[in-house]
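Engineer: This structure is in structure tokens; I'll ask about it shortly.
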Amino acid sequence: MEITSLQNPRIKQIVKLRDDKKTRRQDGLMLVEGHDEIQLALAAGHKPQTLLSAPELVSRQISGDFPETVTVSGAVFDKISYRDNPDGWMGIFPIPRTSLNDLKLSTNPLVIIAESIEKPGNLGAILRTADAAGVDALLLCDPRTDLWNPNVVRASRGTVFSVPVVECDSPSALEWLKARRMRLLAAAPSAEVIYTDVDMRGPAAIAVGTEDKGLTGFWMSNADLKVKIPMAGRVNSLNVSVSTALVVYEAVRQRAMNKAI
């Protein structure tokens, strides 16, 4: 099938999937744009319902057996794209459904709790950290941005597919953590203990909150320990994705040293 009309009903529906959270949730579908992002989704075992390409924009190929492949003109791809310089590839994927009970943890798990993250770029960056650090899971609690927003997929570089992610409410996440006897560390500027002084070698969950208000009282009151990142400048907090990366990689460093002993 080839589509060249900007008014084609399918193109209009794809634009709705791109722009409207309600449409994504109702249809159970999401958009993944970009050769590398689609390849990562495929490597993680996900297959697009439809694979679209604009031959005049494509420089690298994607191979595989897909339920439906559609070619579109460059003008049509520009209409559906959410990138400045699209590479001519887009997949319509079923939204993955993962629950807390679906998660399979390692013998010494490390989990990120991200509460009420607002910005797609921050959530995408946290996902990239989780993937790079080999984190067991990301629990997205009381989210304020849609996990399947195309901008999250773009910012995550497709790691939204490689990291086990569960959207849930905070009480359910806490109950799940307690059942697995995981130590809960809350990252907060008001804490007294510096994060590098904390033993993170055992099963642990690292909780982070919004940049403007941080973690809510729920997570602060239920944390086993509150930790801070030392700040020598005039501001009292870092970007939430940067804070997450620092604390998570400290846990990774400690665990690596523990194995070497």
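The values are calculated or read from the model by the stated rules, or taken from the named source; none is laboratory data. Just so it is clear, the structure is predicted and the values come from calculations on it, not from any experiment. All Cβ positions, glycine included, derive from the backbone under ideal geometry; neighbour counts span all protein chains shown.
Engineer: For segment 193-219, give me the residue count where each residue is of a type in the set (Asp, Glu) and either outside the structural domain of Ile229 (by TED's automatic domain parsing) or within 15 Å of Asn122 (Cβ to Cβ) (or both).
Structural biologist: Of all residues in segment 193-219, those of a type in the set (Asp, Glu) come to 197, 199, 211-212.
In the following step, the residues that additionally are either outside the structural domain of Ile229 (by TED's automatic domain parsing) or within 15 Å of Asn122 (Cβ to Cβ) (or both) were identified as 211-212.
The qualifying residues number 2.
Engineer: Somewhere in segment 193-209, is a residue buried (at least 18 other Cβ atoms within 10 Å of the Cβ), free of Cβ contacts under 8 Å to residues at least 60 places away in the same chain and outside any loop (DSSP other than H, G, I, E, B)?
Structural biologist: yes
Engineer: Which condition number in (1) part of a helix (DSSP H, G or I); (2) closer than 30 Å to Ala179 by Cα is the one that Ala75 fails?
Structural biologist: If we test Ala75 against (1) part of a helix (DSSP H, G or I); (2) closer than 30 Å to Ala179 by Cα, just (2) comes out false.
Engineer: Report, by residue number, each residue of segment 62-104 that is among the acidic types (Asp, Glu) and under 20 Å from the mean Cα position of the chain (by Cα).
Structural biologist: Result: Asp102, single match.
Engineer: Further question: Of everything in segment 70-91, what is free of Cβ contacts under 8 Å to residues at least 60 places away in the same chain, over 23 Å from Ala43 (Cα atoms) and either crowded, with 20+ Cβ neighbours inside 10 Å or not charged (D, E, K, R) (or both)? Give them in sequence order.
Structural biologist: Gly74, Phe77, Asn85
Engineer: Further question on the same structure: Going residue by residue through segment 55-62, is there one that turns out to be in contact (Cβ under 8 Å) with a residue 40 or more places away in the chain and surrounded by 15 or more Cβ atoms within 10 Å (Cβ to Cβ)?
Structural biologist: no
So that you can scan it fast, the table gives a plain yes or no per residue for (1) more than 9 Å from the chain's Cα centre (by Cα); (2) at pLDDT below 95:
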position: Ile126; (1), (2): no, no
position: Gly158; (1), (2): no, yes
position: Val165; (1), (2): no, no
position: Leu177; (1), (2): yes, no
position: Val193; (1), (2): yes, no
position: Asp197; (1), (2): yes, no
position: Thr210; (1), (2): yes, yes
position: Leu215; (1), (2): yes, no
position: Asn222; (1), (2): yes, no
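Engineer: Something else now. It is to be established whether one or more residues within segment 38-59 are in a loop (DSSP other than H, G, I, E, B), among the basic types (Lys, Arg) and modelled with pLDDT of 95 or more.
Structural biologist: From segment 38-59, those in a loop (DSSP other than H, G, I, E, B) are 44-49, 54-59; that's our starting set.
Filter once more, so that each one left must be among the basic types (Lys, Arg): 47.
Next, only the ones that are modelled with pLDDT of 95 or more stay: none.
Taking every residue of segment 38-59 in turn, none turns out to be in a loop (DSSP other than H, G, I, E, B), among the basic types (Lys, Arg) and modelled with pLDDT of 95 or more.
Engineer: Another one. Give the residues of segment 29-58 that are farther than 23 Å from Ser5 by Cα and not hydrophobic (A, V, I, L, M, F, W, C), sorted by residue number.
Structural biologist: First, pick out the residues of segment 29-58 that are farther than 23 Å from Ser5 by Cα: 35-47.
Matches in segment 29-58: His35, Asp36, Glu37, Gln39, Gly45, His46, Lys47.
Engineer: Here is a further query. Criterion first (crowded, with 18+ Cβ neighbours inside 10 Å, among the β-branched types (Val, Ile, Thr) and not assigned by TED's automatic domain parsing to the domain that holds Asp36) does Thr145 satisfy it? Reasoning before the result, please.
Structural biologist: Numbers: crowded, with 18+ Cβ neighbours inside 10 Å: yes; among the β-branched types (Val, Ile, Thr): yes; not assigned by TED's automatic domain parsing to the domain that holds Asp36: yes.
Yes, satisfied.
Engineer: Looking at segment 218-241 only, could you name the residues that are of a type outside the set (Phe, Trp, Tyr), part of a helix (DSSP H, G or I) and touching a residue at least 12 places away in the same chain (Cβ under 8 Å)?
Structural biologist: Within segment 218-241, the first condition is being of a type outside the set (Phe, Trp, Tyr), and the residues that meet it are 220-241.
From what's left, part of a helix (DSSP H, G or I): 220-222, 240-241.
Passing the criteria: Met220, Asn222, Val240, Ser241.
Engineer: Taking Pro150, is it over 23 Å from Leu17 (Cα atoms), in contact with a Lys or Arg (Cβ under 7 Å, 6 or more places away or on another chain) and of a type outside the set (Phe, Trp, Tyr)? Let's see the steps before the verdict.
Structural biologist: Working: over 23 Å from Leu17 (Cα atoms): no; in contact with a Lys or Arg (Cβ under 7 Å, 6 or more places away or on another chain): yes; of a type outside the set (Phe, Trp, Tyr): yes.
Considered against the rule, which asks whether it is over 23 Å from Leu17 (Cα atoms), in contact with a Lys or Arg (Cβ under 7 Å, 6 or more places away or on another chain) and of a type outside the set (Phe, Trp, Tyr), Pro150 comes out as no.
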